[in-house]
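The values are calculated or read from the model by the stated rules, or taken from the named source; none is laboratory data. All figures in this text were calculated on a predicted structure; none of them were measured in a lab. When we count neighbours, we look across all protein chains shown, and the Cβ atoms used for this are built from the backbone with ideal geometry, even at glycine.
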Amino acid sequence: MIAKIYKNLDDFEECDQELLVSMPYKAGIWMSYADMDGGTAAFKREAQALSRIIEATAENFCESSFVQEVAEQTLARRDRWDDWQKNPDNFPCECQRSIEIIAGEVSPEDVVSFKSTLLEVALAVARAYNERFEKKGFRQKISTYAGIWVERALARINGVGEDRVSAYDAVNISPQEEDALKDLARALSADMREVAEGYRSLAARSKS
């Protein structure tokens, strides 16, 4: 049997590349618009968190070379960020389209990593304005976010009732942010077991 040869980012059509590399940034912007209660100060802090987590991904913070390449190009196309902020309501449909583009063209592990990265970015931005975490280092924050997602996902897999899962409350995620995260997971068709495994790996790397 001939082994399947998977695509690199450069192998996709330019229009598809543009969509794929915009997705990490758009995930953060979409989440930022989910809850505007913090005003300008919150938006600025969320923008900083968004930039930092994309940089961390580009610096091989994840195991997927494809996702690393995507993040590198997200940063390289920083001049496009203003344009990518437009029409945030289109983001869920763009999530679906991005998964359609890469499904079967990159490895299954890369697809899971891509989904997990978008969820990771969104969660980091959602918690950027939480003063309880302001004094923690960036890797400590990522470890906390990872643990939250693993706890929540595994609880659902194991049939634990919502009243026994306080992960979101632990970092004060607003109802609007929680709804947005759920919408994002649905748009990505993210299987909770896949997401949990992705975040377990992320948590382990952040502690090393």
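Suppose we filter the range 72-122 for residues that are in a helix (DSSP H, G or I) and farther than 21 Å from I53 by Cβ; how many remain?
Of the residues in the range 72-122, 8 are in a helix (DSSP H, G or I) and farther than 21 Å from I53 by Cβ.
Would you say M36 is modelled with pLDDT of 95 or more and among the hydrophobic types (A, V, I, L, M, F, W, C)?
On the way: modelled with pLDDT of 95 or more: no; among the hydrophobic types (A, V, I, L, M, F, W, C): yes.
Answer is no for this residue.
So if I check each of S107, S51, S143, S64, which one is more than 23 Å from I29 (Cβ to Cβ), polar (S, T, N, Q), over 12 Å from the mean Cα position of the chain (by Cα) and at pLDDT below 90?
On the way: S107 fails: at pLDDT below 90; S51 fails: more than 23 Å from I29 (Cβ to Cβ); S64 fails: more than 23 Å from I29 (Cβ to Cβ).
Result of the check over S107, S51, S143, S64: S143.
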